[in-house]
Amino acid sequence: MSLVSNNSKPACLLCGNSDCHVVDQLNGFQLRELWNIANYEFTIEAWGAIEEKTAVDLLECQDCRFRYFDPKFSGNEAFYRQIEREGYYCPGRPEFDRTAVLAKDRGLRRVLDVGCGSGFFLDQAREAGCETNGLELNTVAADKARAKGHRVFSQLLHELNRDETGGGFDLITLFQVLEHVSHPVTVMKDAARFLNPGGIIVVTVPGAEGANRLCPWNPYDWPPHHTSRWRRTDLRQVAVQAHLKLVKADGDVLVGSWIEQLWLLHNQVAPLLGKNPHAGGAAVPKMLSLIYRKASLKHIFPHWGASIYGYFQKD
């Protein structure tokens with residue numbers, strides 16, 4: 001297959017450096033094959049700029065080592081409309097419990113959840129005594145959140161103003177958001193405009209350094225779904241670029257079943273790409289998962305879970 005490549009590589013989405021190199025590449029046909037494994041078949045409209053012969057490069061900045069994709073491959077409205085199904089907006093993420101406790105302990109009253117989906121975190125925030133506000137562009141998900149009594153805005157963050165929101169917020173959450181956007185630093189700056197004195201921005205992104213390395217060709221970690229890969233050092237960098245202070249950076253505890261799931265997914269997708277599967281079939285990951293749980297290895301690998309997170313405040 002003759003690929004259509006992008007000779008003009010985009011600058012780093014984090015630091016703006018224009019010097020980058022390709023560390024991995026898939027084409028549009030391969031990406032379609034990977035999504036078929038996940039039982040998705042998107043329309044041409046949803047694929048946007050990714051045609052079957054399009055080369056989709058994973059780039060690494062030569063300066064800050066941030067890994068990212070060309071933002072022109074980011075998912076459009078049609079993609080996110082078609083990807084939504086039961087389970088896509090997960091009701092039980094670790095960051096929901098952790099942040100609801102944070103809000104209650106610190107008396108963070110007014111909450112804005114950017115990318116609130118159908119309102120699962122807002123439900124918990126309300127139980128913690130918060131005034132709940134969300135921002136969601138997916139109209140179906142936004143209507144579900146509104147039906148539960150949450151106030152939901154349907155504009156982009158930079159389109160909001162304080163008159164419309166009724167003032168600033170004590171807690172602004174961006175759960176699994178920055179890896180989807182083309183300008184993460186701008187999003188953080190936009191969020192900071194609405195942050196009350198003493199307030200906190202909570203960011204959660206998939207962690208590129210933990211167990212997710214077991215399946216480097218997970219379709220969810222490639223365009224049109226994700227536009228970047230994140231490490232804890234990248235959270236420090238985004239704080240510098242957005243003129244914020246990173247007061248905490250950590251990772252979720254690795255759940256043993258995640259080892260098995262990623263291992264088996266890799267062994268499904270690797271042959272489609274002409275890559276080698278992990279050895280041992282289904283028996284090895286099941287054994288590793290069991291050993292991890294029984295030996296309480298989470299104390300040895302405390303930050304290797306699915307996501308990493310950071311707490312940001314104004315300088």
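The values are calculated or read from the model by the stated rules, or taken from the named source; none is laboratory data. Not measured: the values here are computed from a predicted model. Methodologically, a virtual Cβ is constructed for each residue, glycine included, from the backbone with ideal geometry; neighbour enumeration extends over all protein chains shown. For accessibility, only protein heavy atoms count, side chains too; no ligands or nucleic acids. Shrake-Rupley method; radii C 1.70, N 1.55, O 1.52, S 1.80 Å.
Considering Val202, Val181, the condition of being open to solvent by 10 Å² or more (accessible area, probe 1.4 Å) and closer than 23 Å to Leu156 by Cα is satisfied by Val181 alone.
As for the range 32-42, it holds no residue that is closer than 19 Å to Ser182 by Cα, open to solvent by 20 Å² or more (accessible area, probe 1.4 Å) and either out of contact with any His (no Cβ under 7 Å at 6 or more places or on another chain) or of a type in the set (A, V, I, L, M) (or both). Among the residues of the range 151-180, those that are closer than 22 Å to Ser118 by Cβ and either in contact with a Pro (Cβ under 8 Å, 6 or more places away or on another chain) or of a type in the set (S, T, N, Q) (or both) comprise Ser154, Gln155, Thr165, Thr173, Gln176, Leu178, Glu179.
So which residues in the range 121-142 are under 24 Å from Asn76 (Cβ atoms) and either crowded, with 16+ Cβ neighbours inside 10 Å or in contact with a strand residue (DSSP E or B) (Cβ under 8 Å, 6 or more places away or on another chain) (or both)?
Gly134, Leu135, Glu136, Asn138, Ala141, Ala142
Of the residues making up the range 247-285, those that are farther than 30 Å from Tyr40 by Cβ, surrounded by fewer than 19 Cβ atoms within 10 Å (Cβ to Cβ) and under 19 Å from the mean Cα position of the chain (by Cα) are Lys248, Asp250. Contact annotation: residue pairs with Cβ atoms under 8 Å, 6 or more positions apart or on different chains, pairing a residue in the range 225-236 that is among the β-branched types (Val, Ile, Thr) with a partner that is part of a strand (DSSP E or B) and open to solvent by less than 10 Å² (accessible area, probe 1.4 Å), are Thr227/Tyr68.
Could you check, for the range 248-256, whether at least one of its residues is modelled with pLDDT under 90 and touching a Pro at 6+ places or on another chain (Cβ under 7 Å)? Explain how you work it out, then say what you get.
Residues of the range 248-256 modelled with pLDDT under 90: 253-256.
With touching a Pro at 6+ places or on another chain (Cβ under 7 Å) added as a condition, the list becomes 253.
Scanning the range 248-256 turns up at least one residue that is modelled with pLDDT under 90 and touching a Pro at 6+ places or on another chain (Cβ under 7 Å).
Checked against (1) surrounded by fewer than 21 Cβ atoms within 10 Å (Cβ to Cβ); (2) within 20 Å of Val205 (Cβ to Cβ), Asp105 passes all but condition (2). Contact annotation: residue pairs with Cβ atoms under 6 Å, 6 or more positions apart or on different chains, pairing a residue in the range 259-273 that is without any contact (Cβ under 8 Å) to a residue 40 or more places away in the chain with a partner that is open to solvent by 40 Å² or more (accessible area, probe 1.4 Å), are Glu260/Lys286; Asn267/Pro277; Asn267/His278.
Test Gly149 against the criterion of being within 17 Å of the chain's Cα centre (by Cα), open to solvent by 40 Å² or more (accessible area, probe 1.4 Å) and small (Gly, Ala, Ser), and give yes or no. Taking the combined requirement at face value, the residue does not satisfy it.
Can Glu60 be described as open to solvent by less than 70 Å² (accessible area, probe 1.4 Å) and in a helix (DSSP H, G or I)? Reasoning before the result, please.
Numbers: open to solvent by less than 70 Å² (accessible area, probe 1.4 Å): yes; in a helix (DSSP H, G or I): no.
Criteria not met by Glu60.
Name the one entry in Gly149, Gly166 that is at pLDDT below 95 and at positive phi. Working first, answer last.
Details: Gly149 fails: at pLDDT below 95.
After applying the criteria, what remains is Gly166.
Cys20 satisfies every condition listed in (1) at pLDDT 95 or above; (2) more than 30 Å from Arg236 (Cα to Cα); (3) surrounded by 14 or more Cβ atoms within 10 Å (Cβ to Cβ) except (2).
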